[in-house]
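I have placed the structure first, in the form of C-alpha cells, so that the comments after it can refer back to it.
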Amino acid sequence: MGHCGGKVYAGWGETIMDGILAGQSYVYRIKQYDIDGAFAYSPKVEVAINQAGVQLAVGPNPFEDEIQIRLVQNLEGRGKVTLYSLFGQRKWSLFTGDIQGNELTVTTSDIPPGIYMLQFEFEGEQQWARKMMKR
C-alpha cells in the first residue's frame, strides 16, 4: 500500500504516478506492514528526472554489494556507469557496454566504504549524477 499525493494505492507491481517535474530529484521508500501490525521501511530509492524527461531510479542508497539502475523506458545503446570521488576524480568504471531493456545491476563489492558521485551516461551524454554512500 502506498500514499502518494493524498491517494492510496495497493497491490504488487502497481505504478504510482506523482506530480513530477523535469530537472527534479525525488526520494521514495515503502512502509511495509505485517499482519500483526508491525512495520518496516524499504531502503530509499532516488528517482531523478532529467530535462528531457528521462526517468530512472537508482538504489539502494546507501549501497553495499550492488547498485540497481531502473529506467522507465527501454533503452538500446551504449551506456556507462562511473563512480567519482567527491573531488571529481574518476575512481571506478562500474559498467561500460550495451544496454538493452530498462534494468542494469552493477557489482560494487570491491569498492571501499565512502561517499561517491555516481554518474550514468547513455550514448555519450550524462543522464544522471547523484551522491551515493557505500557502507
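Read the figures in this text as sums done on the coordinates, not as results from a lab. Bear in mind that the values here come from a model prediction, so they are computed numbers and not experimental data.
Between the amide H of residue 61 and those of 44, distances stay under 5 Å, these residues lying 5 or more places away or on another chain, with hydrogens modeled in the peptide plane. Above 13 Å, the calculated P(r) of region 64-121 contains 61 percent of its Cα-Cα pairs.
Close amide-amide hydrogen proximity is noted between residue 108 and 66, 67, each under 5 Å apart and 5 or more residues distant or on a separate chain (H modeled in the peptide plane; Pro and chain starts excluded). Under 5 Å from the amide H of residue 91 lie the amide H atoms of 83, 84, 85, each residue being 5 or more positions distant or on a separate chain, with H modelled from the backbone and absent for Pro and chain starts. The slack between residue 32 and residue 78, meaning 0.36 nm per residue of separation minus the straight C-alpha distance, is 12.9 nm.
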